[in-house]
Amino acid sequence: MSQYPILSFSSSHHPTSNEASDRSEEEKWVIGTETTTRTDTIQSNTPSSSSYNQKHLKHFKILSYNLFMRPLVKTNASDYKDARLEELMMEWKSRRIDILCLQELFSTASYRSSRVLNEFCYKKNDHTNEEENVSENDSHCCYHYVHLQQDYWKLKPIDSGLFILSRFPIVERDAFIFSQGCDIDGYTTKGVIYARVDLQCETLSSKSTNEIPMNTHSKQCLVFNTHTQANYDLTNPKYWKIQQSQIIEIALFVSEKMKQHPSVPVLICGDFNVDARNRQEWYDWMMKTMNDIIFNENIRSEMANKYTLIRAPTVGLNDPGTETTRNVTSSSPHHTYHSDMNRQCNASCSNHDNIENVNTSSQTFLHDIILEHHKRHPITFGDVILDEDTKQEKPREIHLSHPHTLCTKQRLDYIFHIHQESSSSVCTKTRLECIKCYVEPFFRTPNHIMPCTQLSDHYSVYAEFCVVDDAVEQN
């Protein structure tokens, strides 16, 4: 059996000036600088069957965003964290985002995550479990959330920076910490957080969250949020090797949850730190590896024996009486933690050197919705504009970005969609139809208080989905 290719390091591809100019012009519409972006749609294929009925239950909006809210440190003169956060929250309220998957919103040595939770998550009386009165005008204060905190016992004094905020009730939550990490990332609880959300019920739709229907016909979605190892030096192979191990662990975690909840659609969001534009071979490896592990039982079993998922308790605003009242870890045999930090920082990552590629279908089940819709990889980090005088490229943003990342034109941020097919001959199941998706830069007009032209060094990824109830009868 052949092995997965372990990619060697070569110099990044730098497009010619003609390529760069063409690329800049072509991608203006991709990141939403033209109004036509807002009306583009992408439709999913309907299942082939002898009898097909569907009902659109509702639609929801989801946003994945690296906020660049690191505690204590700054990149340039100022990161304008407080001012940016206030503007961001105003944007989220006005756009009525239903599910927010946030990265780099750290709670360690910072009050900013508490600021977000106080603004968006309604309070419950600890003694009566009764909600505070929330009006329709304050509906942005009705979010449930999941967060992975720091863990001093695991030598992780910095939290993950990961949050999932959902207007829909969260009926299960879980998380794990990556087994390997390097530099400052090795001292954080970076990993994956998970929420199973009930799409059939919004917070305001009932007076008590105990009324959430928990039957098998409840319309649900599995939402994952992640942030992998940052690559601080493209010439050093250890960063990519660590990223490879983390991608494998992500796939194992996703496949475990899919097995527990068959036929439930999946959304995987986050900053994967895999540059699809300049490192196409890395992106290809990521997509193939995740597909093979998630959808091939032989590969999944082999990788589960080689990689341990370090479970971690989560915190969040959840619904009483649901599975979130306990941490869902007892069902998995992978609980061990290796506390040797030197092993993490200097990992040889020999495990993934031996991943074997068992013959598997070439069909793609993991859908990169932005790529499938726009037919190209848009820039989400290190964007450029053309200078009006010189007609040469220059950085679009200089106040937040590190000088080494200017004009790098990377794509690091993703929303992946998986539709699980049911094995039953007659079933009613939930399907998500992507009706709109684009990269949202959150541009702003600079002023004397905050001269930056956008609200983070990253662009966000935005999507809207219709929740479809399929009644399928197969022969």
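What follows draws every value from the coordinates through simple rules; no lab data is involved. Keep in mind that this is a model prediction, so the values were computed, not measured. Note: ideal-geometry Cβ built from the backbone for every residue, glycine included; neighbour counts use all protein chains shown.
Laid out as a table, the results:
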quantity: Per-pair calculated FRET efficiency, R0 = 45 Å: Arg95 and Asp469 via Cβ, rounded to 0.05; calculated: 0.95
quantity: Among the listed pairs Lys288/Lys436; Lys238/Lys391; Lys241/Lys436; Lys93/Lys259; Lys409/Lys436, those beyond 32 Å (Cα-Cα); calculated: Lys238/Lys391; Lys241/Lys436; Lys93/Lys259
quantity: Theoretical FRET efficiency, 1/(1+(r/R0)^6), r = Cβ-Cβ of Phe365 and His448, R0 51 Å, to 0.05; calculated: 0.50
quantity: Cβ-based exposure ranking for Glu256, Glu249, Glu87, in which fewest neighbours within 10 Å come first; calculated: Glu87, Glu256, Glu249
quantity: Likely footprinting exposure, Leu406, Leu309, Leu400, fewest C-beta neighbours within 10 Å first; calculated: Leu406, Leu400, Leu309
quantity: Paramagnetic reach from Val73 (point 7 Å along Cα→Cβ, amide N under 17 Å) across the stretch 396-420; calculated: 400-406
quantity: Residue order, fewest to most surrounding Cβ atoms within 10 angstrom, among Phe168, Phe106; calculated: Phe106, Phe168
quantity: Net length gained if the chain between Lys58 and Glu421 were fully extended (0.36 nm per residue, minus Cα distance); calculated: 128.6 nm
